[in-house]
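**Q** Got a structure here, written out as structure tokens. Questions coming.
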Amino acid sequence: MAESETARRSNELSCLVALRDAGELTITDLMAATRLSRPTADGIARALEDGGAIESAIRPAQGAGRPARVYRFTADQLTVGLEIGLSTVRVVA
């Protein structure tokens, strides 16, 4: 597996864990939880949504400004993540 593919998989796992633990997050919240840049967090969220691992909804605006899109972990299907490092293995189900 190429190094960039390994990094992407690790970032996907980080996003899934953050969403599972938090319940729902905006992209800004997801960025804070994973320390990913906005374009990376947004791209991963869209890919995970396309794959059915997460879902999104528009949160009604609270005051002025654009309504926020929130992402939620989809628990109706089994998703398992495996991260294998040089000295660690982490499984998230």
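The values are calculated or read from the model by the stated rules, or taken from the named source; none is laboratory data. Here the structure is a predicted model, which means the values were calculated and not measured. So basically every Cβ, Gly included, is an ideal-geometry build from the backbone, and we count neighbours across all protein chains shown. Quick note on the areas: whole protein, heavy atoms, side chains included, nothing else; ligands and nucleic acids left out. Shrake-Rupley method; radii C 1.70, N 1.55, O 1.52, S 1.80 Å.
**Q** Among residues belonging to region 52-64 that are open to solvent by less than 60 Å² (accessible area, probe 1.4 Å) and not aliphatic (A, V, I, L, M), point out the one that is nearest to Arg9 (Cα to Cα).
**A** Top of the filtered list is Gly52.
**Q** Can you tell me which of Leu36, Leu48, Leu25 is in a loop (DSSP other than H, G, I, E, B), at pLDDT 90 or above, open to solvent by less than 60 Å² (accessible area, probe 1.4 Å) and not charged (D, E, K, R)?
**A** Leu36
**Q** Further, regarding this structure: Check whether at least one residue in region 75-82 is part of a strand (DSSP E or B), open to solvent by less than 50 Å² (accessible area, probe 1.4 Å) and at pLDDT below 85, and report yes or no.
**A** Checked region 75-82: at least one residue is part of a strand (DSSP E or B), open to solvent by less than 50 Å² (accessible area, probe 1.4 Å) and at pLDDT below 85.
**Q** Continuing with this model, one more query. Here is a list of conditions, (1) in contact (Cβ under 8 Å) with a residue 40 or more places away in the chain; (2) under 13 Å from the mean Cα position of the chain (by Cα), and Asp50 meets all of them except one; can you say which number that is?
**A** (1)
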